[in-house]
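Have a look at the structure below before the remarks.
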């Protein structure tokens with residue numbers, strides 16, 4: 001019986017997840033669409049090989065941020081910024097988010113959004129691991 005309950009909880013948690021191709025790609029609205037040759041030129045600032053391919057893919061899908069600690073990739077930050085991609089370390093991203101007010105919830109509990117988006121999924125996983133704690 002315990003395995004069946006755990007299976008049901010894991011199934012419920014997975015139903016809350018999406019998989020496959022995202023239905024919506026990140027919006028490029030409001031960004032200047034530069035010619036492909038300009039993106040190719042900007043990518044020369046990124047070290048050749050897999051690093052360059054990863055940054056290229058991030059640009060292609062419209063990612064907003066590329067997180068890395070690789071100094072070689074970080075040197076390309078200014079080159080790719082016109083394409084709407086911020087190359088940053090995790091600490092740099094945190095600083096940027098604080099600067100634009102995205103972490104105002106850390107200033108006081110009244111600013112927190114509750115429940116957290118993944119709270120329901122996490123609850124199912126907790127129940128699956130310890131069925132004695134079921135509500």
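Every number in this text was worked out from the coordinates using simple rules, so none of it is lab data. What you are looking at is a predicted structure, and each value in this text was computed from that prediction instead of being measured. As a convention, Cβ positions derive from the backbone with ideal geometry for all residues, glycine included, and neighbour counts pool all protein chains shown.
Overview of values
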| read-out | value |
| --- | --- |
| Mean Cβ count within 10 Å, highest first, over the residues of peptides 58-65, 81-88 | 81-88, 58-65 |
| Potential lengthening between residue 57 and residue 40 on full extension [0.36 nm per residue; Cα-Cα distance subtracted] | 4.9 nm |
